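Quick notes on the structure that follows.
The values are calculated or read from the model by the stated rules, or taken from the named source; none is laboratory data. Just so you know, these numbers come straight off a predicted model, no measurement behind them. Every residue, glycine among them, receives a Cβ derived from its backbone with ideal geometry; neighbour counts consider all protein chains shown. These area figures cover heavy atoms from the full protein model, side chains too; ligands, DNA and RNA do not enter into them. Shrake-Rupley method; radii C 1.70, N 1.55, O 1.52, S 1.80 Å.
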Amino acid sequence: MQSKIKVLAVAPYCDGLDVGEAWCAHQWIKNLSAQADVTLLTLHRRGRVPASQQLPGVDVVEWDDRAPFAEFERMSSMLKPGYLSFYFRARRWLSAELAKGRTFDIAHQFTPIALRYPSPLTGFSIPYVLGPLGGSLDTPEGFLAECRSAAWYTQLRSLDRWRLKRDRLLKHSYAGAAAVLGVAPYVGELLSPARPRRFEVISELGIDSLAPVHRRQPKRGVLRLVHVGRGVRTKGLRDAIRAIALVPKELDVRLQVAGRGQEISICRAEAERLGVEDQVQFLGQVPRADVETLYAQADAFLFPSFREPSGSVIFEALRHGLPVITADRGGPGYVVNESCGLKVPAHTPEQLATDLCEAIKTLAWDVDLRIRLAEGARQRVQAIGLWSNKIQWLVGLYGELMNTHRSVLHEVS
């Protein structure tokens, strides 16, 4: 019987009871542990269930998170002040274990997802993988004037491109990796100054199964849209409302909005100003079960986020067989193709609203297209989003990288 691959997983933020990248890392490692012998290096945040309890099939090494500013959750999530301490702890632990004779076939750092963090795996004899990585997207110039209200620390992402060209430690992390994974092709473009040996595209997101098939009865000229996301300018809700205001009145187009944040009040006022307040329903933050109901009852998902690294809500909508209307940038620009949705460029608010209006009109009039895209949505997310498929692909990648590493060692010897 063939022994399992021994994987050293690095994920300082790994929590199946959290959201975002911590949840994604937990899903990767939980599913990977069914096929590999996994040791995890991670942090334990005060008040959270330890990863060692959440991942009983994994050998977990965890340290207390010493991060300052923990009470400022959003800022702490962006800046990750505890990472520096984790970096040195992980390097010391790995040096000590290797000195004892412990071996790993491959190492894989899953988080942080952002591109600005050097890896503690650099410089050891183990081939390692980084990612899936994402982020560092810029805001289209035409939208800058309407995005001024963002928190100051979000502007730090503008330094990422400079660091990828100038920061030797960061560049060395990517250049030394056996493979770097990105959530979409744009990540490979951002990393090009660091010259990674191998770059592959795979989203950090995944699903366990498809949602039940919904027996919608599409009607020509009638379109029920849904938008799910945080209430921030970059999610494109303001543009969606402006687009609806441009739709001819003979079409019955309505939008339900789930989410909260400072942008919601602005969008509510915008809907009133444009005279479409009766077509847009603001639901606020709703429970997960109600979000699933929104997807099940909608005809299409309208999500024109123009600075979206990956987009978990895109996967949710596709899982329910919803055609997607989105901006052709970042993660959504990769996930959504002609089989499952309509994409429009995002250069200026005026252009985006106009192009979104045309996409909405297309779906409203063309019922056959709606049906075809609905079927394509399920096929697309099944192909790129099912965890079973993603883990199978990852284990195959590990095998290729391990064979390459052995060949290099043989040549050197």
(message) Take the conditions among the polar types (S, T, N, Q) and farther than 16 Å from residue 322 by Cα and apply them to residue 173. Does it pass?
(response) yes
(message) If residue 79 meets every condition in (1) closer than 24 Å to residue 118 by Cβ; (2) surrounded by fewer than 15 Cβ atoms within 10 Å (Cβ to Cβ); (3) modelled with pLDDT under 95 apart from one, which number is that one?
(response) (2)
(message) I need a count of the residues in segment 305-335 that are part of a helix (DSSP H, G or I) and either over 17 Å from residue 289 (Cα atoms) or open to solvent by less than 10 Å² (accessible area, probe 1.4 Å) (or both).
(response) 10
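To keep it simple, each residue is scored yes or no on (1) under 23 Å from residue 143 (Cα atoms); (2) of a type outside the set (A, V, I, L, M, F, W, C); (3) modelled with pLDDT of 95 or more.
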{"site": "199", "(1), (2), (3)": "no, no, yes"}
{"site": "207", "(1), (2), (3)": "no, no, no"}
{"site": "211", "(1), (2), (3)": "no, no, no"}
{"site": "214", "(1), (2), (3)": "no, yes, no"}
{"site": "220", "(1), (2), (3)": "no, yes, yes"}
{"site": "224", "(1), (2), (3)": "no, yes, yes"}
{"site": "230", "(1), (2), (3)": "yes, yes, no"}
(request) Kindly indicate whether any position in segment 389-411 is of a type in the set (D, E, K, R), open to solvent by 40 Å² or more (accessible area, probe 1.4 Å) and more than 26 Å from the chain's Cα centre (by Cα). (result) yes
(message) For residue 297, only one of the following conditions fails: (1) touching an Asp or Glu at 6+ places or on another chain (Cβ under 9 Å); (2) farther than 23 Å from residue 133 by Cβ. What is its number?
(response) (1)
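Results for (1) acidic (Asp, Glu); (2) assigned to a helix (DSSP H, G or I); (3) open to solvent by 40 Å² or more (accessible area, probe 1.4 Å), shown as yes or no for each residue.
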position	(1), (2), (3)
26	no, yes, no
30	no, yes, yes
37	yes, no, yes
49	no, no, yes
(message) Going through 173, 203, 209 one at a time, which residue ends up being open to solvent by 40 Å² or more (accessible area, probe 1.4 Å), under 24 Å from residue 24 (Cα atoms), not basic (Lys, Arg) and not in a strand (DSSP E or B)?
(response) 209
(request) Could you grab me the full set of residues in segment 79-98 that are under 27 Å from the mean Cα position of the chain (by Cα) and free of Cβ contacts under 8 Å to residues at least 24 places away in the same chain? (result) 81, 84, 85
(message) Regarding segment 181-200, can at least one residue be identified that is open to solvent by 10 Å² or more (accessible area, probe 1.4 Å), assigned to a strand (DSSP E or B) and closer than 18 Å to residue 111 by Cβ?
(response) yes
(request) Select from segment 107-150 the residues that are crowded, with 20+ Cβ neighbours inside 10 Å and in a helix (DSSP H, G or I) and list them in ascending order. (result) 143
(message) Can you list residue pairs whose Cβ atoms sit under 7 Å apart, with the first residue in segment 272-285 being on the phi < 0 side of the Ramachandran plot and assigned to a loop (DSSP other than H, G, I, E, B) and the second being among the basic types (Lys, Arg) and surrounded by 13 or more Cβ atoms within 10 Å (Cβ to Cβ)? Count only pairs 6 or more apart in sequence or on different chains.
(response) 274/242; 279/254; 285/260
(message) Given the criterion assigned to a helix (DSSP H, G or I), at pLDDT 95 or above and of a type outside the set (S, T, N, Q), identify the matching residue among 346, 353.
(response) 353
(request) Return the residue satisfying two criteria in turn: it lies in segment 215-255 and is buried (at least 19 other Cβ atoms within 10 Å of the Cβ) and in a strand (DSSP E or B), and of such residues it is nearest to the chain's Cα centre (by Cα). (result) 228
(message) Among the listed residues 159, 164, identify the single one that is outside any loop (DSSP other than H, G, I, E, B), at pLDDT below 90 and buried (at least 18 other Cβ atoms within 10 Å of the Cβ).
(response) 164
(message) So in segment 344-382, with the set limited to residues that are within 20 Å of residue 253 (Cα to Cα) and in contact with a Cys (Cβ under 9 Å, 6 or more places away or on another chain), which one is least open to solvent (accessible area, probe 1.4 Å)?
(response) 373
